[in-house]
Amino acid sequence: MRKLLAVLLVLLMVFSFSSCSKEEKAEATSTTSTGTEVEASKEEVKDALKLGMVTDSGTIDDRSFNQGTWEGVARAAEELGLECTYLRPSGTTTTDYLTAISDLYDQGYRFIACPGYLFAEAVAQAQQMYEDLMIIIIDDALAAGIGDNTVAITFRENEAGFLAGIATALKLSEGEVGFVGGLEIPSVQKFNWGFQQGVTYANENLGTNVTMNANNFVYSGSFADLALGQQLATAMYDAGVDAIFAAAGGTGVGVINEAKNRRLSGEDVWAIGVDVDQYSVGDMGNGESCILTSAMKDVAGVAYDQATAAANGTYEGGRHIELGIAEDRAGIPATNPNLTPEIEAQVAEVVKLIKAGTVTVQATGDGLIK
Amino acid sequence: MKSKVANKPLEARKASPLLVSLSAVFLGIVAGAILIAMIGKNPIAGFDRIIFGALSNVRRVGNTLGMSTQLILIGLSVAFAFKTGLFNIGASGQMLMGGITGSILAYYLPLSMPRPLYLLIIILSSGLVGALWGFISGFLKAKFNVHEVVSTIMLNWTAYWLVYDWIQRFIVDPTIVVKSKPIEQAHTLRAGWLTDITNFSTLNYGFFLAVIACVIIWFILDKTTVGFRLKAVGSNRFCAEYAGIKVNRSIMISMAVAGALAGLAGLTYYCGYSNIMEMGKMPNEGFDGIAVALLGNCSPVGVFFSAIFFGILKMGRGSLAATGIPTEIADTIIATIIYFTATNVILANFWNGRFKKSFERKEEAIAIALSNQGRSGEDISSLSKEERRNLVKLGMPELKEKRKNEKNNKEAK
């Protein structure tokens, strides 16, 4: 036992020394590479902005919101040569979020990205506690008041849903579509409403004949229930639905899995992804995917924009930004292997019409299913 | 008549629970340091960050105490059941029940109520509902011999889904439908003056509640006949039964008290530390409590300090992660320490072995010294402490010499 302890301690010392020397080496190389600018860059590094992010209930590799935001922040940090990190809070209450934000702030982070409406209360409190903190919240308009250094970002999900609806209708040309949502919250509802309008638009203007049945538009009540998603998808596909728009996080992955299984056994069914390009989520292992297209909002893009602005001193706090097709921050992916070039061209036409203002997508549920 | 027995037989020292716990913590920290070193960071800087995150200013100290509050109560709950030989793995469920009781009352009781009366009502009712939840397990164990591990786990899920339903039914937040409506500050356990002196920390009245609970539990266990009966059942229920102790009643009392403590933990967590309840979330604290109780050797004082220790780790992990050491590593460090506390038997054996060896050596040295002085037949236990110490000093060099020769002889062969 004594020997074991001794061995452990020796190991500890060896490791700590090796790690120290590694750091030193890295520093040494960096100083030589910058050459003459050493002095200047050192000065800058002292005051350089540190970019931080706090994850919501999901993990950093959720292929959705957290991952998107992190990619944006990390890209900005890499391009500008800044330090960046993310924190996973110990829980999902306001207290936990606020603690995580404080932890980053006390380590010198003055830009923090918070993805998700769950942060609303924590951000509202943090903006009062830390006046020199540039903090952004994605997916919530902070109805209670936006602080001088806060930027609240929301998307026009209805426009992304609209394009996905058109693309789906064109691909099917005849058939039926369904929708599986997570919680019945505005950002998910807008996806749904936009999708329905898109299908209707295609039916009226582009000669398709796709039907929608109110029974096949469902909010599952959860973003993390894989099994429930799969059950809902099974019921819908059995009822004759050809494509399901899955706007439900982890529950949506259940839908995608069911679509995958059915495609592999020869059925011609599709799933439509959400938030980010989910083509890879639907990968069936044979180079094909069951994801027809995805209704995207460019979370990574806005996180990148804001982080860069913060670093360059062009950050403008105290406002609410709403982004959509006009700003190129919502839509379908640039490449859709499951769509024909003709369909992509038709969708691009509609994008132009929306930008020109001749076509508008309503952001309310008036006259639509749910 | 309490004179000390002068000539009690001498024997090797036993490892004290404190020593065992401290060595578990030490080993856990060493293991954590190795982990940090392996990802290429400096372990000392890492632990410095943990201390910084937990204790560097008033707000952080307040947050640490706020975090420790529910750990103390849950730890007490698990420890109390342990004393009666019961394994309360259902602290999470009891916590949820206590929390939902407090939350519903906070939502429906009028804000105009006098604060002391209000606090008294929510504390009593959360404790009672928690006690009821624990009592069910105790009752099942006593009457139908259903093992408490099984029944408490079942009740965890019963509480989980009840809370899931009740949040929606009674206290839902209309804007975000997955959690309860935030409780007004005046209806939480937070106190304006505590928040002010600790600069917006999470410290609340719950901490005092936890301290009082520690004292009460210590009193019950060590100073009352009820406590004695409970402990007797814990050490050997058949022996206790033979001695005329009502075992079944003791089991039910023990589980009810454990449930009440966990229920209070739920109140401090959901209506003090936090101000919302989320649907579909089992609180981890219920399981952390088992580690707290183990590390604290199931004594109220031990639980108090081990809960503070875990509070420090939990609050410090954020700062640790902010330096670029992934949060997952911070969690692994906590888990490693928990693991070492759980294997405390090995540590106790290790120390007992060492103490035994050193005791035998001393014994031998004394024997040598005595025979040198020509007093070889004398009984060691009749000597005073001072004398023994001197004799050890006298005999030790010779003993060392002897050992060395033995070793050399062995090698020569």
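Derivation of every value follows stated rules applied to the coordinates shown; laboratory data play no part. Quick caveat: nothing in here was measured; it's all calculated off a predicted structure. Every residue, glycine among them, receives a Cβ derived from its backbone with ideal geometry; neighbour counts consider all protein chains shown.
General remarks:
- Close amide H partners of A:I321, meaning residues 5 or more places away or on another chain with modelled amide H under 5 Å apart, are A:A152, A:I153, A:T154.
- Fraction of C-alpha pairs exceeding 30 angstrom in chain A: 46 percent, rounded to a whole number.
- Average Cα contact separation per residue, segment B:355-412, under 8 Å, 6 or more apart, as relative contact order %: 43
- Among beta bridges identified by DSSP and lying wholly in the protein assembly as shown, the antiparallel ones come to about 10 percent.
- Residue order, fewest to most surrounding Cβ atoms within 10 angstrom, among B:V172, A:V347: B:V172, A:V347
- Protection proxy ranking, highest mean first, for peptides A:111-117, A:220-226: A:111-117, A:220-226, where packing is the per-residue count of other beta-carbon atoms within 10 Å, averaged.
- Inter-label distance, nm, simple model (7 Å from Cα along the C-beta direction), B:K385/A:D148: 6.7
- Using the Karplus relation 6.51 cos²θ - 1.76 cosθ + 1.60 with θ = phi - 60°, the per-residue 3J(HN,Hα) values for segment A:81-90 come to x, 9, 7, 8, 7, 10, 10, 9, x, 6 Hz, with x marking Gly and Pro.
- In terms of other Cβ atoms within 10 Å, B:T84, A:T211, A:T200 run from fewest to most in the order A:T211, A:T200, B:T84.
- Amide H within-cut-off set for A:R110, under 5 Å, with H built and near neighbours excluded: A:K50
- Counting every other Cβ atom within 10 Å of each residue's Cβ, B:L105, B:L295 order from fewest to most as B:L105, B:L295.
- Whole-number percent relative contact order across chain A, with pairs defined as alpha carbons under 8 Å at least 6 apart: 17
- Most positive-pole-ward Cα, B:L267, B:I220, B:F287, against dipole of segment B:220-299 from beta carbon charges: B:I220
- Put simply, the Cα atoms of segment A:108-184 extend 56, 20, 20 Å along their principal axes, the longest span coming first.
- Chain B - Rg over Rh from alpha carbon coordinates, Kirkwood radius: 1.09
- Karplus-derived 3J(HN,Hα), 6.51/-1.76/1.60, for each residue of segment B:211-225, Hz, glycine and proline x: 5, 4, 4, 4, 5, 4, 5, 4, 5, 4, 5, 9, 10, 10, 5
- Histogrammed with a bin width of 20 Å, the alpha carbon distances of the protein assembly as shown distribute as 14, 37, 32, 13, 4, 0 percent, first bin at zero.
- When shorter helices are ignored and each DSSP H run of at least 4 residues is given -39500 (n - 2.57), the per-residue value for chain B at 222 nm works out to -25000 deg cm²/dmol.
- Cleavage-rule hits, trypsin sites (Lys or Arg not before Pro), segment B:192-254, DSSP coil, Cβ neighbours within 10 Å at most 15: B:K246
- Cα-Cα pairs of segment A:322-370 separated by more than 14 Å (percent): 61
- What the Kirkwood sum gives for segment B:355-412 is a hydrodynamic radius of 11.9 Å, with every pair of different alpha carbons counted.
- Segment B:17-342, relative contact order [Cα under 8 Å, separation at least 6], %: 39
- Segment A:158-218-segment A:243-266 distance, computed between alpha-carbon centres (Å): 16
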